[in-house]
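Down below is the structure, laid out as structure tokens.
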Amino acid sequence: MEEINALFHGFSVALTPFNLMLMVIGVVLGVLIGVLPGLGGANGIAILLPLTFTMPPTSAVIMLSCIYWGALFGGAITSILFNIPGEPWSVATTFDGYPMAQQGKAGEALTTAFTSSFIGAFFAVVMITFLAPLVAKFALQFGPPEFFSVFFLTFCSFIGMGKEPPFKIVAAMMLGFALAAVGIDTVTGQLRLIFGWHELMRGFDFLIAVIGLFGIGEILLSMEEGLSFQGRTAKINMRIVIETWKKLPKFWLTSLRSCIIGCWMGITPGGATPASFMSYGIAKRMSPDGGKFGTGMPEGIVAPETAAHAAGTAALLPMLSLGIPGSPTAAVLLGGLLIWGLQPGPLLFVEQKDFVWGLIASMYLGNIVGLIIVLTCVPLFAAILRIPFSIVAPVIIVICAIGAFTVNNAMLDIWFMLLFGVMGYAFKKLSYPLAPLVLALVLGDQAEDAFRQSMLISQGDVRVFFSNGLVGSIMALGLLMLFWPLIGRMKAALRKSAA
Amino acid sequence: MANKQDSGEVVPSGISVRAAEIAVALFLLTLGGLVMYDSVRLGFRWVGDGPEAGYFPFYIAVLICVSSLGVLSQVFFGKRRGEHKVFVEWDQLRLVLSVLVPAAIFVFGIQMIGIYVASVAYIAFFMVWLGKYSWFKSVLLGIAVSVATFMMFEIWFKVPLFKGAFNPLSFLGY
């Protein structure tokens, strides 16, 4: 019951008029970011991060996490009305969402999507409330080998769970690690990989990479599609909402299953996108109406939306309790912690109770605020999508440039942003995944430190990673993930030869 | 803008996926080589108290090279090597470049005349050129965006933005 007390304390921290105002601003900005092409959750937060330098950390994180909730909600609007997934995790929502909109049931589809998102996020927040303190308490006993093994598992999960070709996942991830290594080596103080170019001494900031890869890259991709969006209009009023809510309870099993899939995929960094596809696929197989999926079934919206939001929210659990983010957006929030002078990791739950519980309480409140705002303001947000791209695109590029500059007050970073943009465009089209690249760039130094500290402790003996049950089993799980694509292929080959 | 392929299907012309795959893989291979070169300079061996500074980057570089060679081998010997897919059609590429090139000029502009003035010019130019808006509307919107960012950053949040090598707004005193 300790958690309940702490949570109520959190509510008292989060429920000030100032914080509530930040929540509303955050959610509205977030939905805007989710709706506009080129501004997603991760780079939207990255751009706004420097503006929160002067705020108290708790208020800052409340606003930024609300932007995240808003962006999660916003992705569904473009998927359903315009058949354009605003975020990768809303791709599966277009399968049944857009057909519903074409049949004139856009309001019903949106209500279904928002409600499912809310349920998924709520489920994940409850899980965070009770699980995160336990994980943090457990992780307090972690030494460098244990931390390295968690990093190892994180990165291997990308290979095991990723939909992209394994070679490309490894290449993208290693590129992230290489970029992270640029600059001063934290152990020996030597300058690495700067090739005499002293401006590189600071290294590559991952916020720049996020703004370039996701922001500029996305703009270039949407430019390919031409300049106009064709969308459906939606009417949402109380009657439609109530009518839809009456129909939703019969999907409780799909919903519960999607919540569990989402939480699992969010904690292990499979991420929201595979979670939404997996959940959609399983729902299609299990549902009695499975054959009609893709023609506008509400259940086909419930499954991916619930799972995506559960995963997006659950990705904050390892970020809060271990200091290891499960998604690019969580990584940006983690970067925020460092900027506000907080040390991420298991000690956060001991030393920064107000911050942690204020954040967790704000997740409950932020999602409620979010649900109300999106249900009432859909026409407004849809109108924004009708602003011509020739106005939106330059304004977004200007905003990205400003965001890139403010990270370190460095002009060079704006050039890097442009380079990362071109890279993001090419990588995305060739299905090199961007999430492992960004996470490797964020965690590269820490992972290397953990590895080298473990080596110092064991005097160069690699067996330290299998020296006790805990670290050994995490490493074994990591290895299993690493070789999962090979194991899958071998299984398929065996089945073929048996048949 | 379409060629007839042997199979009889119409394939729009442009840069092929194959060429793009090869270009990206070679780019990664070069990067891997560079990283490896510098790691060797730093020392990549395992000494008494653990790895040297170049140890981690060295093996990262090895993995970059191995995986980009893997991608290359799939392009040349993989099951789908015969497919002719288009990475980007020429028309699409033209649209993409019409964003990218002005964006690069914009960044150069920031370096010279600062974010605020460059933004006005960039937004106005983009709207007139691609959106066919009137000069008046376009410049007005550009100025509105710049004034809004100026208020937000310089005045409310006290975050100074880059004013450029030749600061044309120096008379404002910021």
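The Cα-based radius of gyration and maximum Cα-Cα distance (Dmax) for region B:90-172 are 14.1, 46 Å. Put simply, the C-alpha atoms of region A:25-79 give a gyration tensor, and the ellipsoid matching it has half-axes of 20, 11, 7 Å, longest first. For region B:31-91, dividing the convex hull volume of the Cα atoms by the residue count gives 106 Å³ per residue. Placing a label point 7 Å from the Cα of residue B:73 along the Cα-to-Cβ direction, none of the residues of region A:136-174 has a backbone N under 11 Å of that point.
Here's the list of lysines a cross-link from residue A:353 could span, going by alpha-carbon distance under 23 Å and ignoring same-chain residues fewer than 8 apart: A:137. For region A:320-337, backbone nitrogen atoms closer than 12 Å to the point 7 Å from residue A:431 Cα along Cα-to-C-beta are found at no residue. Distance between the C-alpha centres of region A:412-455 and region A:284-309: 34 Å, rounded to the whole angstrom.
In this calculation the C-beta distance from residue B:98 to residue A:498 is compared with R0 = 41 Å, giving a FRET efficiency of 0.15. Kirkwood hydrodynamic radius of the protein assembly as shown, from the reciprocal of the average inverse Cα-Cα distance over all distinct pairs: 26.0 Å. Note on region A:292-384: the alpha carbon radius of gyration divided by the globular reference 2.2 N^0.38 Å gives 1.37. Mean separation of Cα pairs under 8 Å and 6 or more residues apart, divided by the residue count, gives chain A a relative contact order of 29 percent.
Need the C-alpha centroid separation for region A:1-64 versus region A:340-388, integer Å. The two parts, judged by their Cα centres, are 4 Å apart. The rule of thumb for compact globular proteins, 2.2 N^0.38 Å, goes into the C-alpha radius of gyration of region A:180-339 1.43 times.
Remind me, relative contact order of chain B in percent, using alpha carbon pairs under 8 angstrom and six or more residues apart?
19
Going by neighbour counts of Cβ atoms within 10 Å, the residues A:163, B:137 line up, fewest first, as A:163, B:137. At a Cα cut-off below 12 Å, give the aspartates and glutamates reachable from residue B:163, other chains included and same-chain residues fewer than 8 away excluded. Cross-link targets: B:154. Residue pairs exceeding 29 angstrom between C-alpha atoms, taken from A:284/A:491; A:428/B:79; A:163/B:85; A:168/A:496; A:105/A:429: A:105/A:429. Panel order for A:214, A:405, by other beta carbons found within 10 Å of each beta carbon, from fewest to most: A:405, A:214. Here the simple spin-label model places points 7 Å from the Cα toward Cβ, and for residue A:486 and residue A:376 these points are separated by 5.7 nm. Sorted ascending by nearby beta carbons within 10 Å, beginning with the fewest, A:185, A:461, A:413 become A:461, A:185, A:413. Averaging over all projection directions, the Cα-based convex hull of region A:1-116 occupies 8.5 nm² in the image plane. Sequence-distant contacts, meaning Cα pairs under 8 Å at least 6 residues apart, place the relative contact order of region B:90-172 at 35 percent. Working from label points 7 Å from Cα in the Cα-to-Cβ sense, the residue B:37 to residue A:186 distance is 2.9 nm. When the alpha-carbon atoms of chain B are used, the pair Rg, Dmax equals 24.7, 71 angstrom. The label point for residue A:467 and the one for residue B:105, both projected 7 Å from the Cα toward the Cβ, are 6.2 nm apart.
Every read-out reported here was derived from the displayed coordinates using simple, explicitly stated rules and does not represent laboratory data. Remember, it's a predicted structure, so these values are computed and weren't measured experimentally. Positions of Cβ are backbone-derived with ideal geometry, glycine not excepted, and every protein chain shown enters the neighbour counts.
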